[in-house]
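Every number here is computed from the coordinates shown, using simple stated rules; none is lab data. The model shown is predicted, which means the values in this text are computed figures rather than measured ones. Here the Cβ positions follow ideal geometry from the backbone for every residue, glycine too, while neighbour counts run over all protein chains shown.
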Amino acid sequence: MNIRYELLAPADRKKLPNCVSDMPFGALRTNHMFLVDYLDGEWRDARIVPYGPIPLMPGAVALHYGQAIFEGAKAFRHPDGEIYLWRFEKNAERINHSARNICMAEIPEDMQQEAVERLIDVEREWCPVEPESALYIRPFMFGTQDILGVRPSDSYTYCIMLSPCGPYYKGGFSKSLELLITCKYHRAVSGGTGTSKVAGNYAASLLPAEYAHSQGADQVLYLDCTNTYLEEVGTMNHYHVLKDGTFIIPEFSDSILKSITSSTVLELAAAGKVKARQEHIRLDSFIEGVKSGEIIEAGGLGTAAVVSPVGKYILEDGTVVTVGDGRVGEHTRNLYELYNGMQTGKIPAPAGWLKKVGRF
């Protein structure tokens, strides 16, 4: 791919903060971003330019009809000093799944891979090394055609921006979360866009998240549309752990986003590294299992949060149900240390899961 470079002079570039406490999740931007445009059936004008505003007409389809999708990935600096992408090919596959679901152009996966490597190569000094830190990668695409008819755009812009970050939740891995279980809101229903990272899905999650905060919780654990089965948390997939150490993840459906982190845990289970399986989980059985002690740990799995322990659930009537002793459990800690160890190069990862960023 022919990429045009338009880089800031060294004297004009911002620098990475010195400590992880100055890197709240999603707040920082590096100096440059990658852009490429789709028009007349082809991708054109691939470029790495200074981070800044993107020209967009007021009638753009994305602004009126929500034709916008995104991904989230991470890169890590390893002990050898090199930067490695974590399973980015899975993100490249999933953004095209999202594109198909809302009638957008697909982005060639090899183009996505080269683009992210070239951008990170330009921004190498922005990859942090502190514990619980990473270089967060945000690829996204939006419809740019200036038309007010309800129809798919015929033009798109694909962008990648980078954000050095600390842990997603304040307090990091050591802090157990509290989740609200409510019948008041639903994340997605069968036949919709629940399996896609569509911008509108996350707009719809903002009010439920604010409601959860008003009830003293960090996020919502969504149920299916019948309010019978567990689905996922607003920002990650859900899991719980049985007394024998088995991780139970809700079965994927067309109303659950197929987390790359969850899929990776299931692949680790198939290789005998952890014990994990998927089940269709009834809410009443889950609450009974927590109360009886059959369920000893719980949490969430996702790119941003990685492995996030959950210590308490707040029910619709205000009842608080505590998992175990409410603190981070042994199995959750072991999974986090394994997963993070592979990402950061401290523990060997299966072949193909890490890709060293090239030097161009």
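The figures follow:
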| item | result |
| --- | --- |
| Set of lysines near Lys175 by C-alpha distance (under 17 Å), chain-local residues within fewer than 8 positions excluded | Lys312 |
| Within-10-Å neighbourhood charge of Ser174 [Cβ basis; K, R +1; D, E -1] | +2 |
| Semi-axes of the equivalent ellipsoid for the chain, Cα gyration tensor, largest first, Å | 34, 25, 18 |
| Reachable aspartates and glutamates from Lys275, criterion Cα separation under 19 angstrom, eight or more residues apart if same chain | Asp244, Glu251, Glu267, Glu294, Glu297, Glu330, Glu337 |
| Sequence-distant aspartates and glutamates (8 or more away, or on other chains) whose Cα lies within less than 13 Å of Lys74 | Glu89, Glu117, Glu132 |
| All-pairs alpha carbon distance profile, segment 138-209, 10 Å steps from 0, percent | 13, 29, 37, 16, 5 |
| Highest average packing first - 157-163, 46-52, Cβ atoms within 10 Å | 157-163, 46-52 |
| Where chymotrypsin sites (Phe, Trp or Tyr not before Pro) fall in DSSP loop in segment 211-247, at most 14 other Cβ within 10 Å | none |
| Net charge of Cβ neighbours under 14 Å - reference Glu294; Lys, Arg +1; Asp, Glu -1 | -2 |
| Ellipticity estimate at 222 nm from DSSP helix runs (n ≥ 4, -39,500 (n - 2.57)) divided over the chain, nearest 500 | -7000 deg cm²/dmol |
| Loop-located trypsin sites (Lys or Arg not before Pro) in segment 76-185 whose Cβ has at most 13 other Cβ within 10 Å (DSSP) | Lys170, Lys184 |
| Relative contact order of segment 172-343, pairs being alpha-carbon contacts under 8 Å that are 6 or more residues apart, as % | 26 |
| Lys74 long-range amide H proximity, modeled H, under 5 Å | Trp86, Ile137 |
| All-pairs alpha carbon distance profile, segment 172-343, 10 Å steps from 0, percent | 10, 42, 38, 9, 0 |
| Per DSSP, loop GluC sites (Glu not before Pro) in segment 1-87 with at most 16 further Cβ within 10 Å | Glu6, Glu82 |
| Student exercise, the chain dipole from Lys, Arg, Asp, Glu Cβ charges, in Debye to nearest 20 | 600 |
| C-alpha center-to-center spacing [segment 1-24, segment 42-92] in angstrom | 15 |
